[in-house]
Structures are given as C-alpha cells and as structure tokens.
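Below is one structure, written out as structure tokens; comments come after it.
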Amino acid sequence: MTYKSIFRSDAFVGQRIVVTGGGSGIGRCTAHELSSLGAFVALVGRNEEKLQAVAKEISAAGYTPPTRHACDIRDEKQVASTVADILASGQPITGLVNNAGGQFIAPLRDISLNGWEAVVRTNLTGGFLMARECYRASMEAHGGAIVNILADMWHSMPGMGHSGAARAGMLNFTQTAAIEWASSGVRVNAVAPGWIASAGLTKYPETARPMFQRLQQHVPLKRFGTESEVSAAIVFLLSEAAAFISGTCLRVDGAVPNARPDWDIPDHRRSKPYRAFDLESEIDFLDSCAR
C-alpha cells in the first residue's frame, strides 16, 4: 500500500534520515512517508521485532527497505554505536526525527525518583544524545535537519509532570541547538503533537480510556488528530521548503492550548481528518472520536 503523501515523490531522494521510535505509531507512519519520498530511512528503537515488522511493510510497499538498529537511546554508548552503524554505508545523515518517548499517568506526589528519571531520560536525555551524536558524527561536517517531537505541555501537564518537564526541556534544547549548530548548516525544530489517535494510547491502562474518549470535547476541532497529520508536519520541517525555519515549534493539536473556559465552542463535524497512510493505527475505543 503506497503512502499518499502531499509532498513530491522525489523530495528526499538520496537522503539518509534517522527515525527513533520507528517501530510504532507516529514514528512508523513518518518512516513510511519518508520512504515513499525517496529517503533511505534508518529505523531506531528498542524492540527489534517491531522494527523488523515496519521494515517489511515499507519493503512490501515497494520502497527502499530501511535499515534497522536496536538501541536504547538513553544509553550513551549504544547511541554512539548505532550512529556509527548507520554511517557505515558511507552516506551522511541528513535528517533526524527524535520521536522516541514515553510516559505514564501519575500525580507528582506519587512519582518515584526512578520513575521520574526514566521518563526524563527517555524524553529529554535520549533525544539530546541522539542529536548530539548525529551532529558530531555527520551533520557538523555535512549539514542537516533535526526535528524533535514534544507534546502538548503548554501551561502545565497535570498527571504527567515528569513528561511535561522533559518536553519543556527539549523545547529549550531545540532553540539552543538551532543557534549553536546554525553555522554548520543544521536546522533544529520541534513538532508538538496534541491528542493523536496513535498506537501510543493503547499503552495506557484501560481505566484511562473513558478519559481519552471525553477529550475530543475539549478540542476546538472536536476530534483527535491523525498520525498522518503529525508526519506531514515533521516531513515539512525536514524538507527544503523549511530552509529558513529553525528554532521553532510547530503545534499539531487542534488549537487545544488556545481554548478558554469563557468561550464555548459548539459541537460540530466540520474538521475533516487528513489520512495518507492506509496502515495508520486504528484505536477501537476512539473510532467515534477520530472520525
């Protein structure tokens, strides 16, 4: 099944792009889209079986099979080894999608030190290590583009304070790296997905599903976003069309952070989801919300 991208089919021909967290959800979707546009994709993730499954999907669609690299991005030595493996082909890394991440639901008072550090290392430290290594090993000499994936952490993130703190840190890292690495021809931006109907939602306990089902009412567009909508934002920021965009964050959230309690938005079905990926994750308990 071919990816129905809005970008031209040769937009990334000859480019090698690393996608972390490429075994599922937004990372999987983005890897498919980039492959459909001619990129040589390097899938990075902790689960080799998931990476292999995505690689088979991409190959079956007729695109260049991606390379697979099992790696815990929180481990500095593994990151260095993984980047070296990717570069072993002799081709520089032109793009990095820092997508790997994760968190769990808990109030601040109940988060242990281990839990806090696990989330911060995954969502902040790991992204820093991947970006720094790609820069040192390739982009410093050849240029490139980095897109860091954040989350809707604007104003606060109750119930996920560890993730909110890490994502806010990644935003500042994005802004700082955009300045420090500009002279090397490297652009650094971020994409902040809001409530997206992605495979990541299935990792939360079933008791959280009623809450997810209610969330669409708080979205001005009255629906969840799609993986394709996030991927399109990532691909744009990696592309030559974004050549003068660096140090910024593109929100993909249906205007949730702009909503105000003193302004009622009537229920509607005027916002039509953009879906370009036939294999996009289907979340059964969100079907009525994501239409």
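The values are calculated or read from the model by the stated rules, or taken from the named source; none is laboratory data. Since this is a predicted model, take the numbers as computed values, not measurements. Please note: Cβ atoms are built from the backbone with ideal geometry, for glycine as well, and neighbour counts cover all protein chains shown.
Residue-by-condition table, conditions (1) closer than 24 Å to GLU33 by Cα; (2) part of a loop (DSSP other than H, G, I, E, B); (3) among the β-branched types (Val, Ile, Thr):
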{"residue": "GLU140", "(1), (2), (3)": "no, no, no"}
{"residue": "ILE146", "(1), (2), (3)": "yes, no, yes"}
{"residue": "MET157", "(1), (2), (3)": "no, yes, no"}
{"residue": "ASN172", "(1), (2), (3)": "no, no, no"}
{"residue": "ILE179", "(1), (2), (3)": "no, no, yes"}
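Looking at ASN189, ASN123, which one is of a type in the set (S, T, N, Q) and over 23 Å from ALA242 (Cα atoms)?
Working: ASN189 fails: over 23 Å from ALA242 (Cα atoms).
On inspection, the qualifying residue turns out to be ASN123.
Looking at the stretch 8-24 only, could you name the residues that are within 15 Å of SER228 (Cα to Cα) and surrounded by fewer than 24 Cβ atoms within 10 Å (Cβ to Cβ)?
SER24
Please tell me if SER5 is in contact with a helix residue (DSSP H, G or I) (Cβ under 6 Å, 6 or more places away or on another chain), surrounded by 14 or more Cβ atoms within 10 Å (Cβ to Cβ), assigned to a helix (DSSP H, G or I) and small (Gly, Ala, Ser).
On the way: in contact with a helix residue (DSSP H, G or I) (Cβ under 6 Å, 6 or more places away or on another chain): yes; surrounded by 14 or more Cβ atoms within 10 Å (Cβ to Cβ): yes; assigned to a helix (DSSP H, G or I): no; small (Gly, Ala, Ser): yes.
The answer is no for SER5.
Looking at SER271, SER281 in this structure, which one is at pLDDT 90 or above, surrounded by 12 or more Cβ atoms within 10 Å (Cβ to Cβ), polar (S, T, N, Q) and in a loop (DSSP other than H, G, I, E, B)?
On inspection, the qualifying residue turns out to be SER271.
Go through the stretch 44-127 and tell me which helices (runs of 4 or more DSSP H), entirely inside it, have 2 or more residues that are within 22 Å of MET157 (Cβ to Cβ). Reasoning before the result, please.
Details: elements: 48-60, 76-87, 113-120.
Helices (runs of 4 or more DSSP H) meeting the threshold: 113-120.
Out of the residues in the stretch 130-153 that are among the aliphatic types (A, V, I, L, M) and either touching an Asp or Glu at 6+ places or on another chain (Cβ under 6 Å) or closer than 19 Å to ALA242 by Cβ (or both), which is surrounded by the most Cβ atoms within 10 Å (Cβ to Cβ)? Lay out the reasoning, then the answer.
Let us first name the residues in the stretch 130-153 that are among the aliphatic types (A, V, I, L, M), namely 130-131, 137, 139, 141, 145-147, 149-151, 153.
Cutting the leftovers down to either touching an Asp or Glu at 6+ places or on another chain (Cβ under 6 Å) or closer than 19 Å to ALA242 by Cβ (or both) gives us 131, 139, 145-147, 149-150.
Values: ALA131: 23, MET139: 25, ALA145: 24, ILE146: 28, VAL147: 26, ILE149: 25, LEU150: 26.
Going through the qualifying residues, I end up with ILE146.
Could you say whether any residue in the stretch 194-203 is within 26 Å of SER281 (Cβ to Cβ) and either among the charged types (D, E, K, R) or without any contact (Cβ under 8 Å) to a residue 40 or more places away in the chain (or both)? Let's see the steps before the verdict.
Just the residues of the stretch 194-203 that are within 26 Å of SER281 (Cβ to Cβ), to begin with: 194-203.
So of that shortlist, the ones also either among the charged types (D, E, K, R) or without any contact (Cβ under 8 Å) to a residue 40 or more places away in the chain (or both) come out as 203.
Yes - at least one qualifying residue is present in the stretch 194-203.
Among the candidates ALA166, ALA208, which residue alone is part of a helix (DSSP H, G or I), crowded, with 18+ Cβ neighbours inside 10 Å and either out of contact with any strand residue (DSSP E or B) (no Cβ under 7 Å at 6 or more places or on another chain) or at pLDDT 95 or above (or both)? Steps first, please.
Numbers: ALA208 fails: crowded, with 18+ Cβ neighbours inside 10 Å.
Sole residue among the options that is part of a helix (DSSP H, G or I), crowded, with 18+ Cβ neighbours inside 10 Å and either out of contact with any strand residue (DSSP E or B) (no Cβ under 7 Å at 6 or more places or on another chain) or at pLDDT 95 or above (or both): ALA166.
Looking only at the stretch 54-89, which residues are among the aliphatic types (A, V, I, L, M) and either surrounded by fewer than 16 Cβ atoms within 10 Å (Cβ to Cβ) or over 19 Å from the mean Cα position of the chain (by Cα) (or both)?
ALA60, ALA61, ALA80, ALA84, ILE86, LEU87, ALA88
Can you tell me which condition CYS29 does not meet? The list is (1) of a type outside the set (Ser, Thr, Tyr); (2) more than 18 Å from GLY101 (Cα to Cα); (3) in contact (Cβ under 8 Å) with a residue 60 or more places away in the chain; (4) in a helix (DSSP H, G or I), and all the others hold.
Unmet condition: (2).
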